[in-house]
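Right, one structure below, let's go through it.
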Amino acid sequence: MSSSTPHYLPTGTVYGTLLNFRAEFNALAPQMAELPYKAPPKAPVLYVKTANTWSPHGSAIAVPSSVPDVEIGASIGMVIGAEGDVEGFVLMNDLSIPHASFFRPPVKFKCVDGFLGIGPVLRDAQEVADPAGFRVEVRINGTLKQSIDFSQLVRPAQQLLADVGDFMTLAHGDVLMLGCDAGRPLGRAGDRIEISAPGFETLANTLVQEAAA
């Protein structure tokens, strides 16, 4: 891709999905039995990554001065087509401030300006035989920090799409992330984050210290 080619950015709403990797679900299962929930969720648990969080490939992402580390949530997003099908897939870096809440993550932890690396390009869904075959790697400053196997999803891609469709309509251009696995690495200002997967162009962003007000 030449430097003049525009990077992909969503045209609709971006939804994140919690608890959709078996390791994360199993690790948090004991807490699901506690108040106020008393049981595991029956439907997908979603949150919104608002437009102020979107950062294209290659851009710098500012880390608030009050935050020593940020959680790196490597994921793949399904981009919804005109017929409610999947038009394509895109790499995503769902950053957040580390926090304990897993059912209803506070907006202040998930929707900091710039906290969603996206792209660089959309991979056509027709090229993908089965999203369960996705394998994603996370590198910080060139060092491998996490490997993610998408055959370990609680709800595989098509089931997740169908289950979300049971309670809401996804519009053309919306993006639904498949989820982030347990063991998400931490990054800090000065780090270069690279998220790669076979068949995708690598997504890279650099964390920088937020400018003083």
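The values are calculated or read from the model by the stated rules, or taken from the named source; none is laboratory data. Bear in mind the structure is a predicted one, so any value in this text is a computation, not a measurement. Here Cβ is always computed from backbone atoms with ideal geometry, including for glycine, and neighbour counts include all displayed protein chains. Ligands, DNA and RNA are stripped out before the accessible areas are found, and what is left, the full protein with its side chains, is counted by its heavy atoms. Shrake-Rupley method; radii C 1.70, N 1.55, O 1.52, S 1.80 Å.
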**Prompt:** Between A62, N93, V128, whose Cα lies farthest towards the positive end of the dipole of the chain when Lys and Arg beta carbons carry +1 and Asp and Glu beta carbons carry -1, centred on the Cα centre?
**Reply:** A62
**Prompt:** Okay, which of region 151-178 sit inside 14 Å, backbone N to the point 7 Å along the Cα-Cβ direction of A132?
**Reply:** 151-160
**Asked** Which whole number of Å³ per residue matches the convex hull of the alpha-carbon atoms in the chain?
**Response** 126 Å³
**Message:** Give me the one-decimal nm value for the distance between modelled label points at L35 and S66, 7 Å along each residue's Cα-to-Cβ direction.
**Reply:** 2.9 nm
**Request:** With just the Cα atoms of region 1-124, tell me how far they stretch along each of the three principal axes, in Å, largest first.
**Result:** 52, 42, 22
**Request:** Starting with the highest mean, order 28-35, 125-132, 53-60 by the number of other Cβ atoms within 10 Å, averaged over the residues of each peptide.
**Result:** 53-60, 125-132, 28-35
**Message:** Restricting to DSSP loop positions (anything but H, G, I, E, B) with no more than 10 other Cβ atoms inside 10 Å of their own Cβ, which trypsin sites (Lys or Arg not before Pro) remain in region 1-95?
**Reply:** K38, K42
**Asked** In whole Å, how far is the Cα centre of region 8-38 from that of region 146-176?
**Response** 12 Å
**Asked** For region 9-130, what % of the accessible area comes from carbon and sulfur atoms, probe 1.4 Å?
**Response** 54 percent
**Request:** Kindly state, to the nearest 0.05, the FRET efficiency for A82 paired with L144, given R0 = 30 Å and r defined as their beta-carbon distance.
**Result:** 0.20
**Message:** To the nearest 20 Debye, how big is the dipole of region 34-159 about its Cα centre, given +1 on the beta carbon of each Lys and Arg and -1 on that of each Asp and Glu?
**Reply:** 480 debye
**Item:** Relative contact order for the chain, counting Cα pairs under 8 Å that sit 6 or more residues apart, in percent
**Value:** 32 percent
**Asked** Placing +1 at every Lys and Arg Cβ and -1 at every Asp and Glu Cβ, with all other atoms neutral, what dipole size does the chain have around its Cα centre, in debye to the nearest 20?
**Response** 600 debye
**Message:** Report the gain in length on full extension from A182 to Q159: 0.36 nm times residue separation, minus Cα-Cα distance, nm rounded to one decimal.
**Reply:** 6.2 nm
**Message:** So with the 1.4 Å probe, I'd like the accessible area per residue for the chain, rounded to whole Å².
**Reply:** 47 Å²
**Item:** Rg(Cα)/(2.2 N^0.38 Å) for region 142-184, N = residue count
**Value:** 1.46
